[in-house]
1. Let me confirm something: among GLY402, GLY416, GLY407, which residue is open to solvent by less than 20 Å² (accessible area, probe 1.4 Å) and under 20 Å from ALA218 (Cα atoms)?
2. From the residues in the range 378-390 that are modelled with pLDDT of 90 or more and under 20 Å from GLU313 (Cβ atoms), which one is farthest from the chain's Cα centre (by Cα)?
3. Just to check your reading of the model, which residue among GLU313, GLU320 is under 18 Å from LYS372 (Cβ atoms), at pLDDT below 90 and under 30 Å from the mean Cα position of the chain (by Cα)?
4. ASP350: more than 34 Å from the chain's Cα centre (by Cα), over 23 Å from ASN298 (Cβ atoms) and modelled with pLDDT under 90, yes or no?
5. Right, LEU137: surrounded by 24 or more Cβ atoms within 10 Å (Cβ to Cβ) and either farther than 26 Å from VAL233 by Cβ or of a type outside the set (S, T, N, Q) (or both) or not?
6. Residues of the range 426-444 being under 30 Å from LYS296 (Cβ atoms) and either hydrophobic (A, V, I, L, M, F, W, C) or surrounded by fewer than 24 Cβ atoms within 10 Å (Cβ to Cβ) (or both), which ones?
7. Which one of GLN129, GLN64 is assigned to a helix (DSSP H, G or I) and modelled with pLDDT under 95?
8. For the range 491-514, enumerate the residues that are under 20 Å from the mean Cα position of the chain (by Cα), assigned to a helix (DSSP H, G or I) and at pLDDT below 90.
Amino acid sequence: MDFETETSISSNGGDICIADSVTMHIILRDGKYFSGRKVEEKLGRRGRACVVVLGDLGRSPRMQYHALSLARQMSLEVDIVAYGGSEPHTAVIEHPSIHIHTMTPWSIAPRGLPKLLHPLLLVLKALIQFFMLLWFLCVRVSSPDVFLVQNPPSIPTLVAVKLASSLRKSAFIVDWHNFGYTLLGLSLGRSSRFVSVYHWFEKYFGKMANGALCVTQAMQHELAQNWGIKATVLYDQPPEFFNPTSLDEKHKLFYRLDKNLCQPLGIQDCINNGIGSPHTDETLFTTQSGTAVFLKPNRPALVVSSTSWTPDENFGILLEAAVMYDRRVAAILNEDDSTSEEILWKEISDEKQCLYPRLLFIITGKGPEKEKYEEKIRRLRLKHVAFRTMWLSAEDYPLLLGSADLGVCLHTSSSGLDLPMKVVDMFGCGLPVCAVSYSCIEELVKVEKNGLLFSSSSELADELLMLFKGFPDQCDSLKLLRNGALATGSSARWATEWEEHAKPLISEVISQYTN
């Protein structure tokens, strides 16, 4: 058994834990004392877990929530091994039982490298990542009772974690978010030999785990039928910090974002012309009078889409839908190309409300295709639609979702078996969603209850026109979906879902493997 070298005192909710360096562990809970032996039986031999993410921890919310639940709901010390980059949520950083170990990411390959050398580069990258992971898992972190690893990526993660679990006599659980070989197939093609080899490794080492979690019933069925893996479904659910945003919080958020909101992605657009204000009593969407905050009646409708800017999210659909909305609104209002922008701005400044509002799309996220689409946006000349791209802190992102009028999800899934966590977050904030339709999305989005589905840019444009007609006060369809999203978001939370489905599995694996 591993022992700490000093006495420690910590508090977890109503529990006070006093840990002696060698002789005993005592927990005071509701006035009752429990002996060190009972504590060890509850937590395993070591009372530790290690969460493994071969990626940017700040962009891996599900694994952050796992770490919080392991610390809060199982009272374990938690080590996280991951790449740095984006800042994790404050709750993760500040939790005294969570320890983040940051690996150095693989540097980007030089441009102009001969295509013939790309396969060799992939092998070299996997080898470097393998030895780096092994060093962290076997040397840098204390021996855990269990490793909990995110998949994908599968190579070299599953191989390294399996070897580390054997060397350190620890259990090994895979959390299946998707299939790595299907993601690789997006860039190399499903017929590639590398994809076939990747598939074999993913299946072989995935079956060697002591337990498995997955994100949908469809994935659970696929793992059982074709992979020989018994997995427990742990649906993504919003944590406690995803909630509807109050008017006061909206005003403060929009004031903080005012510079970004009023900076167009082109020369000018329907948002930036004289709207920005340096005064704290007015933002693009809100105005303050004394202590009271009001939403502006002629404000634009706010549409949020979070994207990884990758090939499995076709952002072109959203751009085409925005152009269609702009043209259809212009036709309905009997505008033509000769209608000057000065006339439109005079109507806005006179607080004239139109049948269809201006739309402001805020696109959050980082990824490889961001610059390409920003350049396309700059070339658009739209009179009723504007775009902003930004990266928000983990604290501001839920506030933005809770301040928006509609969410758009472009996720299509390389395997067709996973669900977009961004939609779960939107529902947690009471935000209805228009999402791309694919095989298992209806496990999450209930049509005409908490959102709508679309298969083309034309369908999305139709939905935008239908939902925002009469905005902000006369859009009954949008209000109905918002009520449904609120009901969905409040029906289940991450801690409850984790307690019911993940905790029993993890406890059983630790008990069987380490006691």
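The values are calculated or read from the model by the stated rules, or taken from the named source; none is laboratory data. All of these numbers come straight from a predicted model, not from anything done at the bench. Ideal geometry is used to build each Cβ from the backbone, glycine not excepted, and the neighbour counts take in all protein chains shown. What goes into the accessible areas is simple: the full protein's heavy atoms, side chains included, and nothing from ligands, DNA or RNA. Shrake-Rupley method; radii C 1.70, N 1.55, O 1.52, S 1.80 Å.
1. When all the criteria are applied, what remains is GLY416.
2. Among them, the one singled out is VAL385.
3. Matching residue, one of GLU313, GLU320: GLU313.
4. no
5. On the way: surrounded by 24 or more Cβ atoms within 10 Å (Cβ to Cβ): yes; either farther than 26 Å from VAL233 by Cβ or of a type outside the set (S, T, N, Q) (or both): yes.
Judged against the criteria, LEU137 is a match.
6. MET426, PHE427, CYS429, GLY430, LEU431, VAL433, CYS434, ALA435
7. Details: GLN64 fails: modelled with pLDDT under 95.
Among GLN129, GLN64, only GLN129 is assigned to a helix (DSSP H, G or I) and modelled with pLDDT under 95.
8. Residue satisfying the conditions is SER491 alone.
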